[in-house]
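Chemist: Here's a structure for you.
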Amino acid sequence: MSVASPEAGKPSAELQQIVAESDTGGRKVSGIPGKIIFAVAVAWSLWQLWYASPFPFTFGVVILNDTEARALHLAIGIFLGYLCYPAFRKSSRTELPWYEWIFAVVAAFAAAYLLLFYAQLATRPGQPTTMDVVVATTGLILLLEATRRAVGLPMTILAILFLVYIMAGRYMPEVLAHKGASLERMLSHQWLTTEGVFGVALGVSSSYIFIYVLFGSLLDRAGAGNYMMQVSLAFLGHLRGGPAKVSVVSSGLNGLISGSSVSNVVSGGIFTIPLMKRAGYGGVKAGAIETMSSVDGQLMPPVMGAAAFLMVEYVGIPYSEICKHAFLPAVLSYIALFYIVHLEALKLGMMPFARGRERTGRERLVGWGLGLSGTVVVSCVIYFVAQAVKEFTGAAAPWILGFLLAGVYVYSVRVAAREPDLPLDVDVENPVMPERWPTVKAGLHFLIPIGILIWCLMVEELSPALSAFWATAVLIVLMLTQRWLTNFFRSRHGTVVPDLKQGLHEVVHGLNDGARNMIGIAIATGTAGIIVGGITLTGLGLRMTEFVEFVSMGNVVIMLLFTAFVCLVLGLGVPTTANYILVATLMAPVIVELGAQSGLVIPLIAVHLFVFYYGIMGDVTPPVGLATFAAAAISGEDPIETGIQGSLYISRTAVLPFVWIFNPQLILVDVHGWFELVLVVLASLAASLCFAAATMGWFQTRSRWWETLLLLVAVFILFRPDSLMDRLYEPYASRPAKQIYDVARDTPPDYPMIFVIKGTNVEGDDVRKTVSVSLGKSPDGRMRLAEAGLTFTVLGDEVRIATVKFGSRARRAGFEQGWVVEELKVDSGAPAPHWMYIPGVAIVLLVAFLQRRRLVAPVTRPA
């Protein structure tokens, strides 16, 4: 199989086709049709930039509401879908048949119908005309066909099943039956309102996902992807199993800017997989390592997979909070994979792969110390300078900060200009490790737009779209000027116009890349709306509670295993975004509700991250997984074997979602203060490494069975210290409901208030459940509860929930209006669960001591 030319440093035509078929559409036409596709794609990116910016409201021009923006977003996406994605595998990739233009124009008109006739449709809700019915029918059919082409047949079939379910509800088994819907009602619900195709999923795609995908595409065009690879190679390439470690770290860094696992595999794997094979990993393990590290890129904030942006709407918290909760598990997953490839190198007896500059232990320590401390110092200086400017300059702060930022950018390019240009490829046969700090300095300016994105999200707390807009705007300026500034500092004069033209060329083609990468996502989120619309129209979500409770017999662990199984099965043919939408809509509320009925308070974000992680892991599970097929194409190995090996490596990630369901501190929920944060991080890191060692059967040397068992015991203690401590001490004390306002007043700001409530659910069953909610910051207990969305009526000893504000924290936490508060749960003053870390660490040290003795024991040779 021809895969790559290492000398050229480019993927083969076959690999490029795999990426195109997955991410951008396999059709590449020239001439006028190609120019039209290119122009529409660039115009789509420019419009999305405008929509994400503050300028429409600043200048009062081209202001679209959410519904109109969704319609335009899908119209352009489906138009490009028909032009870029061939109908069949055997269809020409270089010619565009005339009938595709008809499909594209008609589909775009149907999708834009809400935009074109928005005022008329608003005057007759639920009363579609003949024209409305014809357009909706045509739109649904063409959307399903576009989905088949761009996303795949499984998702198309799933959407069709939900449409059939809507129409044939009265003929279904009793557990699934509903009264059904007329054709007009179904079409109106799915196409003429924001309950179906033009619902939340498509809204998130138009508001958030596009601008982040565009940011990643532009950053890759600017050269940041190659920079990440070269930096990883410079720091890790000379180590034992170095190529595999380069693959893990570079994929993690690329995960900061890209949500596409397939392109991540190809861009990095074209170098790392041959290097891993040459180092001794073998083709199957090399492909599996690259696949896992690339797929895990979707877990890495701040630019996670497209499904992560949907959590903003489903969970109701800012995207910065999503990133905070997802950060520790993502880092643990990458560190554990890094450790796994190190253990593989030890098991295979590998030696350092390539020569690096010999340095003493003291030199290494000083080098790392200076590098890390310098990074911390620079970050602190930037933070305090920015805060000081905002404090003392008021309204002029943005201009002053912009001027300072421009100075930092020019200086970083000046530093980069002193270093040689980074190579665009790696010599697989005779690899030479680049110098570390010269390599780092050669691309420092690439960190500026990433830093701006993180700053706007985390410090300024701007919306995800606005944060990405400012980061993208700075990135475009960087792309336009970096080549000219570099040549200027290298005293190469007379190149201003050619350099600016080249920068403009890269920007325009980056805009095209971003739009082409979004076609499949726009179509997929529109089709996912069919599924959500089917759930809301039929009330299937309410029936799922009974079904899951029946399947799991009320056991939370069985319920989670069932949910994970559903995610993995759906992942065989449905993309991560649709997988997340379906399972989160059906299962997430059920898990929270049944957990509450079992006396377990499960944070909503924990359940959604659980579904998100297992949806991503479905991309690896054989026999389907485009990232696995791309890696196998590079390695020349069987994709099924590669997928099975990747599934074995994924176990260290698969265990994390189960941990944070029962111990939410893993996702930084209920972590109070820096000391507790450090404890949780260190314990979680130790547990992840020990679990990796246990699954590999190797710690410092090959583990005996009982050593593996001890490591697993330590993993459980470090991940779940509360499980053991709660058996020794009761974690909560009970307070009577009539003390509700006193307890609310005394509850610390960062701690949730826990209620045991009882009442009758919609099915008429008496239910008792445990729920919790974070309170407001008012000093008065009644006001703190009101800020959380709750009011109560107190009659003697009886406390009843009077109102639960719509969309409030209390509503999302599962509080029910009219239910009675049975009791309150407060901290009992028991010792902190973290004391259990001591026996956990002791067990790890014991295993390490025993294995160290075997390593240093003299070998007795026979006489």
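Chemist: Filter the range 829-854 down to the residues that are under 25 Å from P664 (Cα atoms), hydrophobic (A, V, I, L, M, F, W, C) and surrounded by fewer than 16 Cβ atoms within 10 Å (Cβ to Cβ) and list them by number.
Modeler: A830, A832, W835, I838, A842
Chemist: Find the residue count for the range 800-857, including only residues that are closer than 28 Å to P603 by Cα, in a helix (DSSP H, G or I) and of a type in the set (D, E, K, R).
Modeler: Residues in the range 800-857 being closer than 28 Å to P603 by Cα, in a helix (DSSP H, G or I) and of a type in the set (D, E, K, R): 3 in total.
Chemist: Follow-up. Name the pairs: first residue in the range 737-752 and more than 16 Å from A786 (Cβ to Cβ), second residue open to solvent by less than 60 Å² (accessible area, probe 1.4 Å) and basic (K, R), Cβ to Cβ under 8 Å, at least 6 apart or on different chains?
Modeler: none
Chemist: For the condition out of contact with any Leu (no Cβ under 9 Å at 6 or more places or on another chain), under 30 Å from S808 (Cβ atoms), among the β-branched types (V, I, T) and outside any loop (DSSP other than H, G, I, E, B), what is the one hit in V312, V341, V295?
Modeler: Going through V312, V341, V295 in turn, just one is out of contact with any Leu (no Cβ under 9 Å at 6 or more places or on another chain), under 30 Å from S808 (Cβ atoms), among the β-branched types (V, I, T) and outside any loop (DSSP other than H, G, I, E, B): V312.
Chemist: Answer yes or no: is there a residue in the range 699-710 that is aliphatic (A, V, I, L, M) and open to solvent by less than 40 Å² (accessible area, probe 1.4 Å).
Modeler: No, every residue in the range 699-710 fails to be aliphatic (A, V, I, L, M) and open to solvent by less than 40 Å² (accessible area, probe 1.4 Å).
Chemist: While we're on this one: Take V532 and tell me if it is crowded, with 18+ Cβ neighbours inside 10 Å, out of contact with any strand residue (DSSP E or B) (no Cβ under 6 Å at 6 or more places or on another chain) and modelled with pLDDT of 90 or more.
Modeler: Considered against the rule, which asks whether it is crowded, with 18+ Cβ neighbours inside 10 Å, out of contact with any strand residue (DSSP E or B) (no Cβ under 6 Å at 6 or more places or on another chain) and modelled with pLDDT of 90 or more, V532 comes out as no.
Chemist: Search the range 150-202 for residues being over 27 Å from D66 (Cβ atoms) and of a type in the set (K, R), and hand back the single one that is surrounded by the fewest Cβ atoms within 10 Å (Cβ to Cβ).
Modeler: Applying the filter and picking the extreme gives K179.
Chemist: Name the single residue that is modelled with the lowest pLDDT among those in the range 449-477 being within 16 Å of V413 (Cα to Cα) and touching a helix residue (DSSP H, G or I) at 6+ places or on another chain (Cβ under 6 Å).
Modeler: Across the range 449-477, the extreme among qualifying residues is P449.
Chemist: Still on this model: Which of the residues spanning the range 782-808 are surrounded by 18 or more Cβ atoms within 10 Å (Cβ to Cβ) and among the aliphatic types (A, V, I, L, M)?
Modeler: Within the range 782-808, L785, A786, A788, L790, V799, I801, V804 meet the criteria.
Chemist: For the range 731-781, give me the residue count where each residue is open to solvent by 90 Å² or more (accessible area, probe 1.4 Å), acidic (D, E) and not in a loop (DSSP other than H, G, I, E, B).
Modeler: Of the residues in the range 731-781, 2 are open to solvent by 90 Å² or more (accessible area, probe 1.4 Å), acidic (D, E) and not in a loop (DSSP other than H, G, I, E, B).
Chemist: Another one. Can you name the number of the only condition in (1) under 23 Å from the mean Cα position of the chain (by Cα); (2) open to solvent by 20 Å² or more (accessible area, probe 1.4 Å); (3) without any contact (Cβ under 8 Å) to a residue 24 or more places away in the chain that C456 fails?
Modeler: Tallying (1) under 23 Å from the mean Cα position of the chain (by Cα); (2) open to solvent by 20 Å² or more (accessible area, probe 1.4 Å); (3) without any contact (Cβ under 8 Å) to a residue 24 or more places away in the chain, C456 fails exactly one: (2).
Chemist: Within the range 365-375, does at least one residue satisfy the condition of being farther than 29 Å from R702 by Cα, modelled with pLDDT of 75 or more and within 31 Å of the chain's Cα centre (by Cα)?
Modeler: Taking every residue of the range 365-375 in turn, none turns out to be farther than 29 Å from R702 by Cα, modelled with pLDDT of 75 or more and within 31 Å of the chain's Cα centre (by Cα).
Chemist: Also, I was wondering about something else. Condition (residue is modelled with pLDDT of 85 or more, in contact with a strand residue (DSSP E or B) (Cβ under 6 Å, 6 or more places away or on another chain) and surrounded by fewer than 24 Cβ atoms within 10 Å (Cβ to Cβ)) applied to the range 598-608: is it met by at least one residue?
Modeler: Yes, some residue in the range 598-608 is modelled with pLDDT of 85 or more, in contact with a strand residue (DSSP E or B) (Cβ under 6 Å, 6 or more places away or on another chain) and surrounded by fewer than 24 Cβ atoms within 10 Å (Cβ to Cβ).
Chemist: While we're looking at this one, here's another question. Quick one: is L239 surrounded by fewer than 24 Cβ atoms within 10 Å (Cβ to Cβ), modelled with pLDDT under 80 and out of contact with any Cys (no Cβ under 7 Å at 6 or more places or on another chain)?
Modeler: It is true that L239 is surrounded by fewer than 24 Cβ atoms within 10 Å (Cβ to Cβ), modelled with pLDDT under 80 and out of contact with any Cys (no Cβ under 7 Å at 6 or more places or on another chain).
Chemist: Look through G526, G539, G520 and report the one residue that is modelled with pLDDT of 80 or more, under 29 Å from G152 (Cα atoms) and surrounded by fewer than 19 Cβ atoms within 10 Å (Cβ to Cβ).
Modeler: G539
Chemist: Can you find a residue in the range 811-828 that is among the β-branched types (V, I, T), crowded, with 20+ Cβ neighbours inside 10 Å and in contact (Cβ under 8 Å) with a residue 12 or more places away in the chain?
Modeler: So far as the range 811-828 goes, yes, one or more of its residues are among the β-branched types (V, I, T), crowded, with 20+ Cβ neighbours inside 10 Å and in contact (Cβ under 8 Å) with a residue 12 or more places away in the chain.
Chemist: For L568, are the conditions met, namely being of a type in the set (A, V, I, L, M, F, W, C), part of a helix (DSSP H, G or I), open to solvent by less than 20 Å² (accessible area, probe 1.4 Å) and in contact with a helix residue (DSSP H, G or I) (Cβ under 9 Å, 6 or more places away or on another chain)?
Modeler: Judged against the criteria, L568 is not a match.
Chemist: If you don't mind, there's one more thing I want to ask. So, in the range 292-315, how many residues would count as being of a type outside the set (A, V, I, L, M), open to solvent by less than 10 Å² (accessible area, probe 1.4 Å) and farther than 22 Å from L337 by Cβ?
Modeler: Adding up the residues that qualify gives 1.
Chemist: Among the residues of the range 547-565, are any of a type in the set (V, I, T) and within 23 Å of the chain's Cα centre (by Cα)?
Modeler: Yes, the conditions are met somewhere in the range 547-565.
Chemist: Can you find a residue in the range 699-721 that is closer than 18 Å to S828 by Cβ, in contact with a Pro (Cβ under 6 Å, 6 or more places away or on another chain) and part of a helix (DSSP H, G or I)?
Modeler: Within the range 699-721 (the criterion being closer than 18 Å to S828 by Cβ, in contact with a Pro (Cβ under 6 Å, 6 or more places away or on another chain) and part of a helix (DSSP H, G or I)), the answer is yes, since at least one residue qualifies.
Chemist: Counting just the residues of the range 88-106 that are under 15 Å from R148 (Cα atoms) and not in a loop (DSSP other than H, G, I, E, B), which one comes out most open to solvent (accessible area, probe 1.4 Å)?
Modeler: This residue is F103.
Chemist: What pairs can you find where one residue is in the range 42-68 and within 16 Å of F469 (Cβ to Cβ), the other is outside any helix (DSSP H, G or I) and among the β-branched types (V, I, T), and their Cβ atoms are less than 6 Å apart, with a gap of 6+ or different chains?
Modeler: Between residues of the range 42-68 that are within 16 Å of F469 (Cβ to Cβ) and residues that are outside any helix (DSSP H, G or I) and among the β-branched types (V, I, T), the close pairs are P56/V62; P56/I63.
Chemist: Quick test for you: out of V669, V713, pick the one residue that is within 25 Å of the chain's Cα centre (by Cα) and open to solvent by 10 Å² or more (accessible area, probe 1.4 Å).
Modeler: From the options V669, V713, the qualifying one is V669.
Chemist: Go through the range 141-159 and count every residue that is over 17 Å from W191 (Cβ atoms) and either in contact with a strand residue (DSSP E or B) (Cβ under 7 Å, 6 or more places away or on another chain) or not basic (K, R) (or both).
Modeler: Of the residues in the range 141-159, 8 are over 17 Å from W191 (Cβ atoms) and either in contact with a strand residue (DSSP E or B) (Cβ under 7 Å, 6 or more places away or on another chain) or not basic (K, R) (or both).
The values are calculated or read from the model by the stated rules, or taken from the named source; none is laboratory data. None of the values given here were measured: they were computed from a predicted structure. Cβ: placed from backbone, ideal geometry, glycine included. Neighbour counts: every protein chain shown. What goes into the accessible areas is simple: the full protein's heavy atoms, side chains included, and nothing from ligands, DNA or RNA. Shrake-Rupley method; radii C 1.70, N 1.55, O 1.52, S 1.80 Å.
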